[in-house]
Structures are given as C-alpha cells and as structure tokens.
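All remarks here apply to the structure that follows.
The values are calculated or read from the model by the stated rules, or taken from the named source; none is laboratory data. Keep in mind the model is a prediction, meaning the values are calculated, not measured. No Cβ is skipped: glycine too gets one built from the backbone with ideal geometry, and neighbour counts run over all protein chains shown.
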Amino acid sequence: MNNSFICTHCGEQILTESNVGTKNRNHCPFCLWSLHVDDQVAGDRKSVCKGEMEPIGLTFKKEGIDKYGKIRQGELMLIHRCNKCGKININRIAGDDKQTQILEVFNQSKNNNILRNELKKEEVDLLNLNNEPELKRQLFGR
C-alpha cells in the first residue's frame, strides 16, 4: 500500500513504501517534522488534531533492567511536540532519517533545562552531553 505524502513543513515528497527500520512512517526523513495523526497507538491514525509536530529532542527507548540490575540501553528515539495541542510523542528513528538533522535536534536541545524539566513530567528523559557517545555510536556505529 502506498501512503506517500508531502511533508507539510519542508515540502519534500516522502515515499513510505521504502521505509527503513520503521513500520509506520510518521515523520519526514529530511526535516524530522511530523503530523499529529496517531491518537493512542502508533499507526492508529485516529487523532483529530492533525497539528504539526516539531522534533524537540532525543531520548532512548526504555528497555528495562537486565538480570544484573543494569539498565538496558534502548534505541534512539525522536521526541515530538504538537504545535497545536502540545501532546508529546516518542517516535522511532528510521534508517533513512538524515543523521545531520538528528544531530541538529540533539544540539538544539541538549542544554535546554526548561525542556528537560517539562519532559520529566511526561516521564521522558531528554538526552544531554553525557549521552553523546552513545548517540553517535547508534547513528554512526562508532
């Protein structure tokens, strides 16, 4: 099924049949902006809001604790906030997302303590400078 779309933020055409690493394409791989289309579950497309969702930061997926009591490191995730209703969504990064844009989102948010405190209320941990080595390892394999 072809669910290709034009990004409402940057105008690029997104070909969803070529998704890399994600089942439901929900953001532009060029600018990383999204639309508020999902309501309760990723891919449900039941939101009535339809506002633009800005990529405001990065986090790691919560993977629980291993048998030794160490927190398992999860995959890198995008944090989006709806500019219309304020809802926060956490979304998987796709294999074709532009790494330079991902780094730009990180650089703009890593020292933002107001955003960090806001996201803490949502139980979301915003990445900071201490997370940069793992961020780069996940993005570049180093």
Neighbours by Cβ (under 7 Å, 6+ apart or cross-chain): first from segment 105-128, under 19 Å from Glu63 (Cβ atoms); second in a helix (DSSP H, G or I): Leu126/Ser109; Leu126/Leu115; Leu126/Arg116; Leu126/Leu119; Leu127/Phe106; Leu127/Leu135
Where Thr100 falls short, out of the listed (1) among the polar types (S, T, N, Q); (2) outside any strand (DSSP E or B); (3) surrounded by 11 or more Cβ atoms within 10 Å (Cβ to Cβ); (4) at pLDDT 80 or above: (3)
Which one of these does Ser47 not meet: (1) more than 17 Å from the chain's Cα centre (by Cα); (2) polar (S, T, N, Q); (3) exposed (fewer than 14 other Cβ atoms within 10 Å of the Cβ)? (3)
Any chance segment 40-53 includes a residue that's in a strand (DSSP E or B) and within 25 Å of Phe140 (Cβ to Cβ)? no
For the structure I just gave you, tell me whether Glu17 is farther than 28 Å from Asn130 by Cβ, at pLDDT below 80 and of a type in the set (Asp, Glu). yes
Subset of segment 54-95 that is in a loop (DSSP other than H, G, I, E, B) and modelled with pLDDT of 90 or more - its residue that is surrounded by the most Cβ atoms within 10 Å (Cβ to Cβ): Ile93
Can you name the number of the only condition in (1) within 30 Å of Leu15 (Cβ to Cβ); (2) over 16 Å from the mean Cα position of the chain (by Cα); (3) of a type outside the set (D, E, K, R) that Asn111 fails? (1)
Looking at segment 36-53, which of the residues that are closer than 26 Å to Gln108 by Cα and not hydrophobic (A, V, I, L, M, F, W, C) is modelled with the highest pLDDT? Glu52
